[in-house]
Amino acid sequence: MSTPNSRSVQVRILRSLVSILGFGVGCGGTAALAVNIAPQGSGILGNNTALNTTYGTSIVHAGSLTVINDGVVTGAGDPGVDTFDPATASATVSFVGIRWTTPRTDSIISLTLNMETFFDGGWFGPNSSSPGNGGTLTSAFLSDATVQFSLSADPTAATAVWSNAAATSNYLTALNGHVIGTNGGTNPTVPPAATWTLNTPLTGVTAVRLIGSEGGLAAAQGGFIGVRELAVEAVPEPSAVLALIGGAGVLGLRYRWRR
């Protein structure tokens with residue numbers, strides 16, 4: 001199994017090759033080759049007493065786990081799911097992620113989350129903090145989430161180990177100015193989206209997730225998160241991409257020869 005560091009070297013090489021051959025202009029090279037692998041796995045959702053190395057507890061308060069990675073972002077038939085948990089006051093962080101039955105051989109480069117924001121919570125932010133019914137989120141009500149990954153055969157088991165992965169995100173700017181739902185009314189039709197880009201691509205993992213402090217005023221724990229969709233973008237393993245690039249190069253040479 002390739003380590004994250006060795007795989008990052010391979011990805012940088014691929015970026016150079018992609019750039020030379022003209023793929024993904026303006027898309028960051030390998031990003032143009034990325035596909036959403038979340039539908040190939042299963043959604044996970046829950047909360048924990050702290051941002052640590054344990055899985056925590058699965059929570060599905062409303063909706064179904066199937067909506068997390070079904071590829072549908074908007075529409076009445078895909079209302080989202082949340083971690084509202086009035087019974088556990090100590091659960092101050094929530095998470096959403098994807099698990100797979102076998103370790104991934106491709107390189108995960110980013111996660112994109114569409115959130116479901118209710119009048120009383122649904123976003124990553126300080127506990128017991130909200131702009132109020134139908135209010136507007138500002139920096140005071142937002143805090144970034146952390147990307148974690150697991151190599152455990154069952155990442156949801158009590159013995160599973162989760163590790164942090166360094167990433168940069170546009171979460172704080174993407175949700176700044178977003179208007180949340182109203183009590184007894186409707187939630188935003190188009191849920192806000194944010195992307196976490198990994199500093200070093202991940203491979204060989206069985207699960208990835210976003211975990212962070214729960215924003216809002218609802219429930220004993222002072223918040224929860226709501227999810228409409230989570231995408232996990234990855235590029236194929238290097239041999240597959242090189243085969244694709246090689247094929248494209250041959251086609252290009254044939255095209256030039258025929259002209």
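The values are calculated or read from the model by the stated rules, or taken from the named source; none is laboratory data. From a predicted model like this one, the values you see are computed outputs, not experimental measurements. Glycine gets a Cβ as well: all are built from the backbone with ideal geometry, and neighbour counts include every protein chain shown.
Here is how the numbers come out for the structure above:
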{"read-out": "Residue in the range 87-97 that is of a type in the set (A, V, I, L, M), in a loop (DSSP other than H, G, I, E, B), crowded, with 16+ Cβ neighbours inside 10 Å and touching a strand residue (DSSP E or B) at 6+ places or on another chain (Cβ under 9 Å) present", "value": "yes"}
{"read-out": "Single residue of Thr146, Thr200 found to be within 16 Å of Leu51 (Cα to Cα) and of a type outside the set (D, E, K, R)", "value": "Thr146"}
{"read-out": "Which listed residue is surrounded by fewer than 24 Cβ atoms within 10 Å (Cβ to Cβ) and touching a Leu at 6+ places or on another chain (Cβ under 8 Å), from Thr83, Thr112", "value": "Thr112"}
{"read-out": "Test: Thr206 is of a type in the set (Ser, Thr, Tyr) and under 14 Å from Ile44 (Cα atoms)", "value": "yes"}
{"read-out": "Meets criteria (modelled with pLDDT of 95 or more and either under 15 Å from the mean Cα position of the chain (by Cα) or farther than 15 Å from Met115 by Cβ (or both)) for Val250", "value": "no"}
{"read-out": "Flag if Ile211 is under 18 Å from Thr138 (Cα atoms), at pLDDT 90 or above and of a type in the set (Val, Ile, Thr)", "value": "no"}
{"read-out": "Residues that are of a type outside the set (A, V, I, L, M) and either touching a residue at least 60 places away in the same chain (Cβ under 8 Å) or in a loop (DSSP other than H, G, I, E, B) (or both), drawn from the range 158-174", "value": "Thr159, Trp162, Ser163, Asn170"}
{"read-out": "Single residue of the range 175-219 satisfying the filter (assigned to a loop (DSSP other than H, G, I, E, B), among the polar types (S, T, N, Q) and in contact with a helix residue (DSSP H, G or I) (Cβ under 9 Å, 6 or more places away or on another chain)) that is surrounded by the fewest Cβ atoms within 10 Å (Cβ to Cβ)", "value": "Asn176"}
{"read-out": "All positions within the range 220-242 that are assigned to a loop (DSSP other than H, G, I, E, B) and either of a type in the set (Phe, Trp, Tyr) or modelled with pLDDT under 90 (or both)", "value": "Ala220, Gln221, Gly222, Phe224, Glu237"}
{"read-out": "Criterion (modelled with pLDDT under 95 and of a type in the set (Phe, Trp, Tyr)) met by exactly one of Phe84, Phe124", "value": "Phe84"}
